[in-house]
């Protein structure tokens, strides 16, 4: 009995210790431990159901073990030590760290601000004086004087467009007189956007600085946002002829394009399906395959002519008359017009856009102040001021200052001191080296030494504060640590899988051919026909085509010859399509008589299609060339399955079933 009590006590103590462990080991793969938090984070990111079932956990665990086996093999082969891997991971880390290097409260405010601004469109004109973001004080003053002079001219009554054309350093001003049209939030750089939204209609802003330079902005109009448009279009692209083309040739080409868009428009008015017409005739191949459908857009996304035509349509399903833009002729159809989504619906999209936008700088500066407080920031500004008397304006201009002049200055300038003992400090010798690297681009300009030293110092404090926060992210933020682990493993997995599976399947010609021979009966063509489809606009055209086809062989007509013979009055009278077809792949071919040499007249909406059967092919395996992409994919799956089998033999996998029960 005493022995039983003793064993029970040991068990309870062990269980208690395990229960107190916040992040137990879930599994080991070849000796590498995987904590519960790592698996849970990835499982929850990829799960599709809210309810977590034992079956779902076990299914994902199997996939995860395969993943970790490949990562373990990559580590065994030293892939994690390669410069290529380290550089790639470093690049990803820089991107992944960005959201963690901003102030969340400020970011939330920026998201709300952007959302409120998206409820309104602004039309504005601007005048810009270009200025490098890193420009020195004297350059900045010169640019500011120029932009203020332009503003004074406008306020004194000169036409804004005239002044813009004369002095603006935005190249587009020569065409648009500075008029930017209507735009919404997130379409302009943040300082410009803020100035535009904060300036009253009819007024001219004070100069605003962006990364492009100084701007003054005249707000012409503000209106409630038109909404978000879903539209489709048919485009007849403007063909640019060679420089040697004559005026007659140019006019003939323009007339041909105008005739085509007008014929399409007449067909649409008579009831032809817009999507079908777009698929057949639109020169915008990116959208024609989708029936002309375009991505959603709001103010400022499209050229003004297109935007105005689309938003002028009153009802879903309405389409415009032909209109021209710099890209060609268009007919646009309104598919749907919706109001701005609710804040909750659009939140994640806006958050991602804000993080990529210049407005995120505001959040970064707020973060610096938090970093200073959290890490007991200390500075001695007297140590900065010591440099005022050490550097002359001329030395700063031409980059000849010798840091040896500061050799007696060895004091600490500032430092960040984390509660856990980590620290990052910056000294006068380091600042001397930094200043020695400074050199003005324009040596004819004056420089304010004190101002330049203060600017460099301030930037260094910011850079090192962010650097300190960044360097400690894996230690201070579990979410970021797990994210980096996921990316690290993913890169290792990608490189090794490419070598063992993806590239191997492409390069291993003999292996691919052998795999095809062993499995080719799994890739069969059903009965097919080689057919030519003569799609006729009406019965009259169909009768004409049938007469021509009777003479085709004897006369030696090509399909191009037939098109020229038939399409004398309209480019839409006849189109020709040739291909190989299985049952179910084309409705018109399905209705034809499948006998070699037989032609069948088939109704095609308002027109008629003449289907000519050139050949009938019995069921047979698809050739390797015909299905190379599919066979390669299946061969890759085969290679991967065989590889995983070998890895399971090579590396021992141990799963703690009790810890697995904690996944939720």
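Values as computed for the structure displayed
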{"read-out": "Contour excess over end-to-end distance, with Cα ends at residue 539 and residue 152 and 0.36 nm allotted per residue", "value": "132.2 nm"}
{"read-out": "Spin-label proximity, residue 486 to the range 332-349 - amide N less than 19 Å from point 7 Å beyond Cα toward beta carbon", "value": "348-349"}
{"read-out": "Relative contact order of the chain, defined on C-alpha pairs under 8 angstrom at six or more residues apart (%)", "value": "15"}
{"read-out": "Computed lengthening from residue 434 to residue 570, 0.36 nm per intervening residue step minus Cα-Cα distance", "value": "41.7 nm"}
{"read-out": "In nm, spacing of pseudo-spin labels at residue 518 and residue 318 (7 Å Cα→C-beta vector)", "value": "6.4"}
{"read-out": "Mean residue ellipticity (222 nm) of the chain, computed from DSSP H runs ≥ 4 via -39,500 (n - 2.57), nearest 500", "value": "-15500 deg cm²/dmol"}
{"read-out": "Sorted by Cβ density within 10 Å, fewest first, the residues 313, 294, 63, 26", "value": "63, 313, 294, 26"}
{"read-out": "P(r) weight above 23 Å for the range 375-475, C-alpha pairs, percent", "value": "32"}
{"read-out": "Label-zone membership for the range 293-307, site residue 356, 7 angstrom Cα→C-beta point, backbone N under 15 Å", "value": "296"}
{"read-out": "Extent along principal axes [Cα atoms of the range 260-363; Å; largest to smallest]", "value": "55, 27, 24"}
{"read-out": "Linear extension gain, residue 585 paired with residue 508, 0.36 nm per residue minus alpha-carbon span", "value": "24.4 nm"}
{"read-out": "Rough spin-label spacing in nm, given labels placed 7 Å along Cα→Cβ, for residue 547 and residue 87", "value": "7.0"}
{"read-out": "Using a Förster distance of 56 Å, the FRET efficiency for residue 381-residue 76 (Cβ separation, nearest 0.05)", "value": "0.55"}
{"read-out": "Cβ-Cβ FRET estimate between residue 373 and residue 240, R0 fixed at 60 Å, reported to 0.05", "value": "0.50"}
{"read-out": "C-alpha center-to-center spacing [the range 364-434, the range 211-265] in angstrom", "value": "55"}
{"read-out": "Packing rank of 248-254, 335-341, where each peptide gets the mean count of other beta carbons within 10 Å, highest leading", "value": "335-341, 248-254"}
{"read-out": "Computed label-point distance, nm, for sites residue 652 and residue 596 using a 7 Å Cα→Cβ extension", "value": "6.8"}
{"read-out": "Sequence ranges 634-645, 29-40, ranked by mean other-Cβ count within 10 angstrom, highest first", "value": "29-40, 634-645"}
{"read-out": "Cubic angstrom per residue, convex hull over Cα atoms of the chain", "value": "298"}
{"read-out": "Packing-based exposure ordering (other Cβ within 10 Å, fewest first) of 613, 129", "value": "613, 129"}
{"read-out": "Inter-part distance where the range 45-79 and the range 478-527 are each reduced to a Cα centre, Å", "value": "17"}
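All of the numbers you see were taken from the coordinates with simple rules; none came from a lab. As the structure is a computational prediction, the values presented were derived from the model and not from experiment. Virtual Cβ from ideal backbone geometry, glycine too; neighbours counted across all protein chains shown.
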